[in-house]
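Note sheet for the following structure.
Nothing in this text is a laboratory measurement; each read-out follows from the coordinates by a stated rule. Fair warning: this is a prediction, and the values are worked out from it, not measured in the lab. Glycine also receives a Cβ, built like all others from the backbone with ideal geometry; neighbour counts cover every protein chain displayed.
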Amino acid sequence: MPFAETDDGVKLYYEETGRGYPVIFVHEFAGDCRSWEPQLRYFSRRYRCIAFNARGFPPSDVPEDPARYSQKRACDDIKAVLAHLDLAQAHIVGLSMGGYATLHFGLDYPGSARSLLVGGCGYGAERDRAEQFRGEAEACAERLESEGMAAFAKTYALGPTRVQFQNKDPRGWREFADMLGEHSATGSALTQRGVQRERPSLWDLEDAMRKLTVPTLIVTGDEDEPCLVPGIFMKRTIPSSGLAVIPKTGHAVNLEEPDAFNRILAGFLDLVEAGRWDQRDPRSVTETILGAR
């Protein structure tokens, strides 16, 4: 098995396929590198595609020290994968927890990101929902420790932004739920506490996001309620960003609507590589409604 080692000695399992410019896929909390299979099969025809398991998600290492899980670590682990593969730069594609890590990667290492796709990003980001989210993340960690992974997965996979997937594609949803049940309860609990619960609000990143010039695409499903307002906030704040909303779709957007997701990502990458993903024209940002002065 191939592994990349981080600066704190954690081994991250990764898979790669295809040839061409590199694309790194960063998974969500309920997923792992297998969650990107519809994208790996499609984009490997034109790109070198790499997907890795976050720390805490076997066969990657599961450190038992809570201090080794954080939003900063999640961001730096992407950098560790690039360094291991001797890549100076790559397109970075992330969903949910991976979307947060992708955004932070663009802020911390803009020179290493050719582009950013920030998908399903926003859970707990609004200031008036922060304490609620922290409480729910802790409750998830406690359930993982008390019930185990299999029992936790049965209910987590049926959350309000997951039922859309189940309704559209029961077979695909079943595969997703079964893979979730195979994760490490310890690693998942530590991830909930260290990465999810403690990450900063997107609103705390406003000043940094206003300076971000890396081409950025924000993608969300329109029934992924916790991500709608944050998605608009990121679009309004990041001058190099675009926003794509997929209708009648929940959180696992790349699995629930793989064709739509792949078309959106392919079009984005084409524009970036053609040098045609421009910064927002400042004339389009105004407090007027009709533009009259």
Q) Out of Ala274, Ala130, Ala30, any idea which swings most in a Gaussian network model of the chain, alpha carbons joined below 10 Å? A) Ala274
Q.
For the chain, what does the helix formula give at 222 nm: sum of -39500 (n - 2.57) over DSSP H segments with n ≥ 4, over the residue count, nearest 500 deg cm²/dmol?
A. -12000 deg cm²/dmol
Q.
Which of Asp224, Asp204, Asp77 ends up with the largest GNM mean-square fluctuation for the chain, with Cα atoms connected below 10 Å?
A. Asp204
Q. Phe233: net charge of surrounding residues, Cβ under 15 Å, Lys/Arg +1, Asp/Glu -1, itself excluded?
A. -1
Q. Rounded to the nearest 5, what is the percent of antiparallel bridges among the DSSP beta bridges in the chain?
A. 20 percent
Q. Taking K and R as +1 and D and E as -1, what net charge do the other residues with C-beta under 11 Å from the C-beta of Val272 add up to?
A. -1
Q: Could you line up Glu16, Glu37, Glu256 from fewest to most neighbouring Cβ atoms inside 10 Å?
A: Glu37, Glu16, Glu256
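I'd like the antiparallel share, as a percent to the nearest 5, of DSSP beta bridges with both residues in the stretch 1-141.
30 percent
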Q. For the stretch 3-280, what's the relative contact order in percent, using C-alpha pairs closer than 8 Å and at least 6 residues apart?
A. 20 percent
(Q) For a protection proxy built on the mean count of beta-carbon atoms within 10 angstrom, sort 267-273, 145-151, 94-100, 237-243 highest first, please. (A) 94-100, 237-243, 267-273, 145-151
Q.
Over the chain, with a Gaussian network built from C-alpha contacts below 10 Å, which listed residue (Tyr69, Tyr47, Tyr123) shows the highest mean-square fluctuation?
A. Tyr47
